[in-house]
Amino acid sequence: MEEVVLLGFWTSPYVMRVKIALLEKGVEFEYKEEKDIFEDENKSELLLKSNPIHKKVPTLIHNGRPICESLIILEYIDEVWKQQKQLFSHDPYHRAKARFLIDLFDNKVGDCGRRMWASKGEDQEAAKREFVEFLKLLENELGDKPYFAGDYFGLLDIALIPITCRFYTYETLGKFSVENECPRFMAWVRRCNQRESVSKTLPDPFKVFDFVLEIKKRFSIE
Amino acid sequence: MAENNGEIKLFGVLGSPFVRRVQIALKLKGVEYTYVEEDLKNKSDLLLKYNPVHKKVPVLVHNGKPLAESLVILEYIDETWGNHPLLPQQPYERALARFWSRFIDDKCLPAISKAAWNVEKEEREKGIEESSEAIQFLENELKHKFFGGENIGFVDIVAGFLAFWLPVIEEASGFTLLSSEKFPKLHKWSEEFINHPVVKENLPPRERLLGFFKARHASITASK
């Protein structure tokens, strides 16, 4: 009997990646929502025990053994449940490109995403420009293909789709429209949302927006 | 073997630990390649074409297809050439190897950089504390001769910075981090690592590296 537990928090796009992957593979799992991921003292004992170094979500616990960091978890899921459809391309070059882009995305969007909702004026404008530039890079990568890997919904799609639930927040606070800037990217977003694994996992963008406003208040971010 | 590998080019600089990772991996797998030394103050058009996003080395070009970022390149090498596997076979052990590799790059190296190169003395002291904490995790993790077991593996290659570059930085900057008293296992590991036959012939000349770091240290302390 396999025991798969996922520790997460509903607003984390990194957690959403793992949920989508598990759903795509048809793996049964138990999801445990953390009360609060912003202060260590509010984190669950299980999380602190399973991920003592980073204390972060997502953390996957498979038959009692923890795996941390979303990309590492995705690769693990693809390797363990390999009899189900492959999420990652078989081709080493495509795999390398996907790893590179996911890493770049995590660094870029981690930074400019936050600046779009947390800062103002020139810094916010700069963050918007960097964000749009990055989406255009992704559009080029996508080209005419339905998904990043080609005709199947794969690892790179899974890694990139979750952040889109924050687009309403970025657009509202940053006063711009992703559809206007990157229509091909938005077409891909709509295509992915037709998949049950995605529509079941991504939270309501309005709820995400409300949450961001709460966080701004909580940490006095004007 | 050479006929099946295609054309392999590696863009690098002499002193970079990230470039050396790739060279060690290629050497362990017996893969021949052409090396191109870059001048980072005057980057070649080819480098800028192959790595437009980061404009950094190492860049590996295999049959005209470029790859950047040392960890990405290492995984590519391991997947393309199956002999002398660098990552373990089992998914859980592979996940752990990837975890520790990222830990080294995301936590250890930035802390060491802060300890050595931050212009503020207070920040350097904080860096030493943070580095020490980070390295302690690695010390606890090391259970065999190498992180890869009896032979060097993925994590050893990534951790090479600690074995060779860190002691040189310590000497140039006048602080000690990786002492044999505090970190006996890592200290022994670093000796085994730099004396490994393949690693030994893929390290930069120590004196030159020392000169480079001494100059850097001088400019940091002079500016305050």
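The values are calculated or read from the model by the stated rules, or taken from the named source; none is laboratory data. Because the structure is a prediction, the values reported are computed rather than measured. No Cβ is skipped: glycine too gets one built from the backbone with ideal geometry, and neighbour counts run over all protein chains shown.
Worth pointing out:
For every residue, the table says whether it meets (1) touching a His at 6+ places or on another chain (Cβ under 7 Å); (2) more than 20 Å from residue A:98 (Cα to Cα).
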{"site": "B:12", "(1), (2)": "no, yes"}
{"site": "B:20", "(1), (2)": "no, yes"}
{"site": "B:25", "(1), (2)": "no, yes"}
{"site": "B:28", "(1), (2)": "yes, yes"}
{"site": "B:51", "(1), (2)": "no, no"}
{"site": "B:102", "(1), (2)": "no, no"}
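- Search result, residues across the stretch A:156-173 that are over 10 Å from the mean Cα position of the chain (by Cα) and among the hydrophobic types (A, V, I, L, M, F, W, C): A:156, A:167, A:173
- Selection within the stretch B:106-125 - loosely packed, with under 15 Cβ neighbours inside 10 Å and away from chain A (no Cβ under 14 Å): B:113, B:119, B:120, B:121, B:122, B:123, B:125
- Any hit, the stretch A:139-147, residues being among the hydrophobic types (A, V, I, L, M, F, W, C) and at pLDDT 95 or above: yes
- In summary, helices (runs of 4 or more DSSP H) completely within the stretch B:73-176 and bearing 3 or more residues that are in contact with a Lys or Arg (Cβ under 8 Å, 6 or more places away or on another chain) and more than 22 Å from residue B:58 (Cα to Cα) occur at B:109-117, B:121-141.
- Taking the criterion of being within 10 Å of chain B (Cβ to nearest Cβ) and part of a loop (DSSP other than H, G, I, E, B), the residues of the stretch A:74-87 that qualify are A:81, A:82.
- If you go through the stretch B:126-150 and keep only what is free of Cβ contacts under 8 Å to residues at least 24 places away in the same chain and surrounded by 14 or more Cβ atoms within 10 Å (Cβ to Cβ), you end up with B:126, B:127, B:130.
- Set B:37, B:7: member being exposed (fewer than 15 other Cβ atoms within 10 Å of the Cβ) and over 20 Å from residue B:165 (Cα atoms): B:7
- Residue check, residue A:90 exposed (fewer than 13 other Cβ atoms within 10 Å of the Cβ), in a loop (DSSP other than H, G, I, E, B) and within 14 Å of chain B (Cβ to nearest Cβ): yes
- Residue check, residue B:183 surrounded by 17 or more Cβ atoms within 10 Å (Cβ to Cβ) and modelled with pLDDT of 95 or more: yes
- Output for the stretch B:68-87, where each listed residue is more than 7 Å from chain A (Cβ to nearest Cβ) and out of contact with any Pro (no Cβ under 8 Å at 6 or more places or on another chain): B:71, B:74, B:77, B:81, B:82, B:83, B:84, B:85, B:86, B:87
- Tally of residues being within 24 Å of residue A:207 (Cα to Cα) and either among the basic types (Lys, Arg) or touching an Asp or Glu at 6+ places or on another chain (Cβ under 6 Å) (or both) across the stretch A:143-176: 2
- Subset of the stretch A:93-125 that is within 10 Å of chain B (Cβ to nearest Cβ) and of a type in the set (Phe, Trp, Tyr) - its residue that is nearest to residue A:222 (Cα to Cα): A:100
- Residue within the stretch B:44-57 that is over 30 Å from residue B:7 (Cβ atoms) and among the hydroxyl-bearing types (Ser, Thr, Tyr) present: no
- With respect to the conditions (1) surrounded by 14 or more Cβ atoms within 10 Å (Cβ to Cβ); (2) within 14 Å of another protein chain (Cβ to nearest Cβ); (3) in contact with an Asp or Glu (Cβ under 7 Å, 6 or more places away or on another chain), residue A:63 lacks only one, and its number is (1).
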